[in-house]
Amino acid sequence: GLEDFVSVPASDDPSPDTWEPLADVYAAAERTPEPPEILRGSAGALIYRGARHLLSGEPETLKSWIAAAACAELLASGQTVLWWDADGMGVATLIERLEALGAPREAVSTRLLYLAPDRPFDEEAGRV
């Protein structure tokens, strides 16, 4: 369930406002990001853990398959995955794809959190 997700504590050193220009672009450029870890292949990985990613493209260009491959990899490694179905794929299609990509059935049934909300989140009630 949602309780399986770990809350990340706030840092004692507040992050700068992302709308403010960098004070020292050279110092910022010297910090190398962690390499991507998810969707590993012979040339490396494609997705960065903890980062936001956007898969965008024309219909039928494998966007949901790429996301499903990442999901299957994470489930197979013992992690819990939240899948927000914003394009109406449907849970049956997702399960079919995950199993085709090698996600263990037990992992799909116990560690896949599937959401397909049909209304806005009700912040006051704390639920959809």
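The values are calculated or read from the model by the stated rules, or taken from the named source; none is laboratory data. Small disclaimer: the values here were computed from a predicted structure and weren't measured. Please note: Cβ atoms are built from the backbone with ideal geometry, for glycine as well, and neighbour counts cover all protein chains shown. Side chains are part of the model used for accessible areas, which takes the heavy atoms of the whole protein and leaves out ligands, DNA and RNA. Shrake-Rupley method; radii C 1.70, N 1.55, O 1.52, S 1.80 Å.
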- Of the criteria (1) open to solvent by 50 Å² or more (accessible area, probe 1.4 Å); (2) assigned to a loop (DSSP other than H, G, I, E, B); (3) farther than 26 Å from P120 by Cβ, which one L55 fails: (3)
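Here is a yes/no grid of residues against (1) of a type in the set (D, E, K, R); (2) within 24 Å of I38 (Cβ to Cβ):
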position: W83; (1), (2): no, yes
position: A86; (1), (2): no, yes
position: L94; (1), (2): no, yes
position: L98; (1), (2): no, yes
position: G102; (1), (2): no, yes
position: R105; (1), (2): yes, yes
position: Y114; (1), (2): no, yes
position: R119; (1), (2): yes, no
position: E123; (1), (2): yes, no
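Sort through A72, A45 and tell me the only one that's surrounded by 10 or more Cβ atoms within 10 Å (Cβ to Cβ) and touching a strand residue (DSSP E or B) at 6+ places or on another chain (Cβ under 8 Å). Outline the logic, then answer.
Numbers: A72 fails: touching a strand residue (DSSP E or B) at 6+ places or on another chain (Cβ under 8 Å).
Result: A45 is the single residue among A72, A45 that is surrounded by 10 or more Cβ atoms within 10 Å (Cβ to Cβ) and touching a strand residue (DSSP E or B) at 6+ places or on another chain (Cβ under 8 Å).
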- Task: Pick out the one residue from R97, R105, R49, R111 that is modelled with pLDDT under 95 and not polar (S, T, N, Q).
- Result: R49
- Query: Of R111, R97, which residue is surrounded by 15 or more Cβ atoms within 10 Å (Cβ to Cβ), touching a residue at least 60 places away in the same chain (Cβ under 8 Å) and either out of contact with any strand residue (DSSP E or B) (no Cβ under 8 Å at 6 or more places or on another chain) or more than 18 Å from I47 (Cα to Cα) (or both)?
  - Reply: R111
